[in-house]
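The values are calculated or read from the model by the stated rules, or taken from the named source; none is laboratory data. Since this is a predicted model, take the numbers as computed values, not measurements. Using ideal geometry, Cβ is built from the backbone for each residue, glycine included, and neighbour counts are taken over all protein chains shown. When the accessible area is computed, the model is the full protein with side chains, heavy atoms only, and any ligands, DNA or RNA have been set aside. Shrake-Rupley method; radii C 1.70, N 1.55, O 1.52, S 1.80 Å.
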2 protein chains.
Amino acid sequence: MNLKALHKISYGLYVVCSRKGDRFNGQIANTVFQVCSEPPIIAVVINRSNLTHEFITKSKVFTASILSQDTPLSFIGHFGFKSGRDIDKLEGINYKIGESQAPVVTDNTLAYLEVRVLQKVDV
Amino acid sequence: MNLKALHKISYGLYVVCSRKGDRFNGQIANTVFQVCSEPPIIAVVINRSNLTHEFITKSKVFTASILSQDTPLSFIGHFGFKSGRDIDKLEGINYKIGESQAPVVTDNTLAYLEVRVLQKVDV
């Protein structure tokens, strides 16, 4: 199998946010997908070395902001190529606190999901 | 949260095929996604009541044909709204046998993946 086939898989683009105590963080993710309709269950893949992974593991909640197709690359880069260990990634970004108490990024956002963790799988 | 937000998640469209002994089957799926780059690992969500789920569970291999955007609805319906318990879904369809020995649908296919099951998670 030619590994380039993997590039033909379609994804959306999302900012996944979580909290740990009074600290917030968010990151870009492309692997958000619904795995069950009733009840609605979604899955997300997060690199275990990321700060957002640590926050989700701790708080067991996250949000996923579904980004518009015309989201600027600078916005994607802000959440994709920087680490919340170095900067406060939500500074200067429009967001609100969701019912889950995790932040929901509202810039460039078509819709958002608030999620409580049911299950965690190591890959 | 408004459940309509779930409709904003982006997916591709795939025919996932597997085999059980000398029987073949395939079904439409939208939830195929890469969860690890090195080594390349993908995940797929399959309803556990589907015949394809039974075949994958038995053979531990499957293929995913990544469908073109202009795939006819009749083709999608053939793999999406019929059960391999009632008909041979690969009859009249162009396919080949992959290295995994599972069938690979080649009609309307941009690229395909051949997959060996490493892990199964009940949702």
Peptide A:29-36, shielding by other chains (average Cβ, 10 Å cutoff):
5
Would you mind counting up the charge near residue A:68? Only other residues with Cβ under 11 Å from its Cβ, with Lys and Arg at +1 and Asp and Glu at -1.
-1
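Net charge near residue B:48, counting Lys/Arg +1 and Asp/Glu -1 over other residues with Cβ under 9 Å of its Cβ?
Working: positive: none; negative: B:54, B:122.
Spelling it out: positives minus negatives among the neighbours equals -2.
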Skipping prolines and chain starts, which residues have an amide H placed within reach, meaning under 5 Å, of the one on residue A:35, given they are 5 or more residues away or on another chain?
A:41, A:42, A:43
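Kindly state, to the nearest 0.05, the FRET efficiency for residue A:123 paired with residue B:48, given R0 = 35 Å and r defined as their beta-carbon distance. Working shown, then result.
Numbers: r = 20 Å, r/R0 = 0.57.
That gives a FRET efficiency of 0.95.
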Quick calc: nm separation of the 7 Å Cα→Cβ label points for residue A:83 and residue A:110 -> 3.2
Considering only the other residues whose Cβ falls under 9 Å of the Cβ of residue B:103, what net charge follows from Lys and Arg at +1 and Asp and Glu at -1?
+2
Which whole-Hz couplings ³J(HN,Hα) result when phi for each residue of the stretch A:47-60 is put into the Karplus expression 6.51 cos²θ - 1.76 cosθ + 1.60, θ = phi - 60°, listed in order with x for Gly and Pro?
4, 5, 8, 7, 4, 4, 4, 4, 5, 5, 4, 6, 8, 6
Accessible area expressed per residue, the stretch A:45-123, with surrounding protein chains retained (probe 1.4 Å, Å²):
59
Quick one: Karplus J couplings for the stretch A:7-13, per residue in order, coefficients 6.51, -1.76, 1.60, θ = phi - 60°, nearest Hz, x for Gly and Pro?
6, 8, 6, 8, 9, x, 10
I'd like the trypsin sites (Lys or Arg not before Pro) in the stretch B:86-123 restricted to DSSP loop residues with at most 12 other Cβ atoms within 10 Å, sorted by number.
B:120
J(HN,Hα) series, the stretch B:32-45, from Karplus relation 6.51 cos²θ - 1.76 cosθ + 1.60, nearest Hz, glycine and proline x:
10, 7, 8, 10, 8, 8, 9, x, x, 10, 10, 10, 9, 9
